[in-house]
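The values are calculated or read from the model by the stated rules, or taken from the named source; none is laboratory data. On a predicted model such as this, the values are computed, not experimentally measured, just so you know. Methodologically, a virtual Cβ is constructed for each residue, glycine included, from the backbone with ideal geometry; neighbour enumeration extends over all protein chains shown.
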Amino acid sequence: MFRRLDETGAAVTVYVEGEAVTVRAGDTAAAAALLAGLGHTRLSPVDGSPRAPYCMIGTCFECLLVIDGVGSRQGCLVEVREGMRIERQKGARVVP
Amino acid sequence: MSAQAFDVAIVGGGVVGSALGYGFASKGARVVVLDEGDSALRASRVNFGLVWLQTKGNGMPAYGRWSRKATELWPDLARELLERTGIDVELELTGGLKICLGEEELRERGAMVERMAAAAGPGVYDTRMLGIDELGALLPEVKLGPDVTGASFCPHEGAVNPLHLLNALQAGLQALGGTLRTGSSVESVARDGKGFAITCRDGTTRAGKVVLAAGHGTPRMAAMVGLPAPIKPQRGQILVTERMQPFMPLPASGLRQTKDGTVMLGATRENVGFDVATTMEGEAGLAARAVRIVPALAGIPVVRAWAGLRILTPDTFPVYHQSESHPGAYVALCHSGVTLASVHARVVPEAYLGTALPEILNAFHPRRFDVQKTG
């Protein structure tokens, strides 16, 4: 679905919903989720509807993800890191 | 003298003026509420949303009783607003907490609870102190921090959605045939025959009676009709987190989870004039206290912060008063417009439609601020 425009950057392996995905250094967690073909990346805490990254510039908050166990992070503002774990944000977060 | 289109004109379209307007309209009065517009300070749109009792009236038991009456009248008002407007104000009278950190806070809180109960007599507050185990039982999903020593618990209080409340009161006012005029910044209030003329830039409104309920806008107009209105602003900063799964089944003073799931943290008390800026110091202080109460909040994003200005009289208690030089002109000043919305809708309009104020409002006369005669 997505075609990469820039093939430069070192390969980085991240885990999207547990599946290993190879992305490039400089990519964001939201881009990784899109490249992994995750479809929806979160469920709205208001009505449970499925959502996915939209603006990719930090404005719309549609890309909220659980990144390395920390909930509700704006995936489009977080750069990938080797071994990063990226998961869907399923509705409102639970207070630990 | 010109014809009066209205029995009552209320200056101020916040939660106080709108509740009064709703109440006057439900008494069958022809009422207009004049709202300044978005340039106003609008304390009604920045507050915490508690319907609160346990801290009200320390030093004035009549205010405690007034607040208790408000909590008793609240469920019926909420039900009526829903029926009349379709707007759910999300009233939840679950009881409320004031959580204490450290032994000294707990001791001081206990002493104040006892003092207020003794002064007000039985059946007003019913506040009791909870040890850490009882508090934990009320908050089974909260891991309380090690500094928490207990809390006071009052069973009669809770919270509403203050924005829905303002909306519902204004919709209800209009559903009852009342008039809401926005963008009506009042320039002058003056005697006009047996009534009053309230002049805005775009015209003059005539009414038999006038009620000033414009928060910090009140003193300027009150001076025109011989009403004392000694108020000062006190800044309160508030933080709100992202939405979370429900974990706080009842509100605490300064820490409550809304029905939407957000957690509100508040509020500072700062005497800084009419400055509605937020400060890093103020917000860090709020966050630090909240994290001492619920350490897990340290990992939760704050999505917004804002500040508003409380309306404080010299003793912090409300003022309800009719002008002696201009009978028919009234003032309503208070900083707890949400808690008191029910008495403002149910009790005060009837009082202000009569000629003299009833005894229940005696304690709120501003003569209490006059220099006392000695001997």
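The combined condition, being touching a His at 6+ places or on another chain (Cβ under 6 Å), small (Gly, Ala, Ser) and on the phi > 0 side of the Ramachandran plot, is not fulfilled by B:Gly261.
In the range B:44-56 there is at least one residue that is in contact (Cβ under 8 Å) with a residue 60 or more places away in the chain, over 27 Å from B:Gly145 (Cβ atoms) and surrounded by fewer than 23 Cβ atoms within 10 Å (Cβ to Cβ).
I'd like to check something: does the range A:50-62 contain any residue that is touching a residue at least 24 places away in the same chain (Cβ under 8 Å) and among the charged types (D, E, K, R)? Within the range A:50-62, not a single residue is touching a residue at least 24 places away in the same chain (Cβ under 8 Å) and among the charged types (D, E, K, R).
If the condition is being under 20 Å from B:Leu297 (Cβ atoms), in a loop (DSSP other than H, G, I, E, B) and aliphatic (A, V, I, L, M), then the range A:40-95 contributes A:Ala92, A:Val94, A:Val95.
Checking the structure you have, find out if any residue of the range A:7-16 is crowded, with 20+ Cβ neighbours inside 10 Å and either assigned to a loop (DSSP other than H, G, I, E, B) or within 14 Å of another protein chain (Cβ to nearest Cβ) (or both). Looking for residues that are crowded, with 20+ Cβ neighbours inside 10 Å and either assigned to a loop (DSSP other than H, G, I, E, B) or within 14 Å of another protein chain (Cβ to nearest Cβ) (or both), one finds none in the range A:7-16, hence no.
Scanning the range A:17-33 for residues that are crowded, with 21+ Cβ neighbours inside 10 Å and small (Gly, Ala, Ser) gives A:Ala29, A:Ala30, A:Ala31, A:Ala32, A:Ala33.
Only one entry in B:Leu34, B:Leu50 is in contact with a Ser or Thr (Cβ under 8 Å, 6 or more places away or on another chain) and closer than 24 Å to B:Leu97 by Cβ, namely B:Leu50. B:Asp202 meets each of the listed conditions (1) modelled with pLDDT under 95; (2) buried (at least 22 other Cβ atoms within 10 Å of the Cβ); (3) away from chain A (no Cβ under 14 Å) apart from (2). Screening the range B:213-323 for strands (runs of 3 or more DSSP E) wholly inside it with 2 or more residues that are under 30 Å from A:Leu65 (Cα atoms) and more than 14 Å from chain A (Cβ to nearest Cβ) returns the ranges B:232-241, B:263-266, B:302-312.
For the condition under 28 Å from B:Arg304 (Cβ atoms) and hydroxyl-bearing (Ser, Thr, Tyr), B:Thr71 does not qualify. Each residue in the range A:66-96 was checked for being within 13 Å of chain B (Cβ to nearest Cβ) and more than 21 Å from A:Gly9 (Cα to Cα), and 17 pass. Among the candidates B:Pro349, B:Pro327, the residue that is touching a residue at least 60 places away in the same chain (Cβ under 8 Å), at negative phi and not in a strand (DSSP E or B) is uniquely B:Pro349.
None of B:Phe247, B:Phe274 is within 23 Å of the chain's Cα centre (by Cα) and aromatic (Phe, Trp, Tyr) except B:Phe274. Among residues that are within 18 Å of A:Ala10 (Cα to Cα), surrounded by 13 or more Cβ atoms within 10 Å (Cβ to Cβ) and either touching an Asp or Glu at 6+ places or on another chain (Cβ under 6 Å) or more than 12 Å from chain B (Cβ to nearest Cβ) (or both), A:Ala36 is included. If I filter the range B:284-300 for residues that are at pLDDT 95 or above and more than 23 Å from B:Met244 (Cβ to Cβ), do I get at least one hit? Within the range B:284-300, none of the residues are at pLDDT 95 or above and more than 23 Å from B:Met244 (Cβ to Cβ).
Answer with yes or no whether B:Ser185 is closer than 30 Å to B:Ser325 by Cβ and not hydrophobic (A, V, I, L, M, F, W, C). Here the answer is yes, as B:Ser185 does meet what is asked.
Against the list (1) buried (at least 19 other Cβ atoms within 10 Å of the Cβ); (2) more than 14 Å from chain B (Cβ to nearest Cβ); (3) modelled with pLDDT of 95 or more, the condition A:Pro50 fails is (1).
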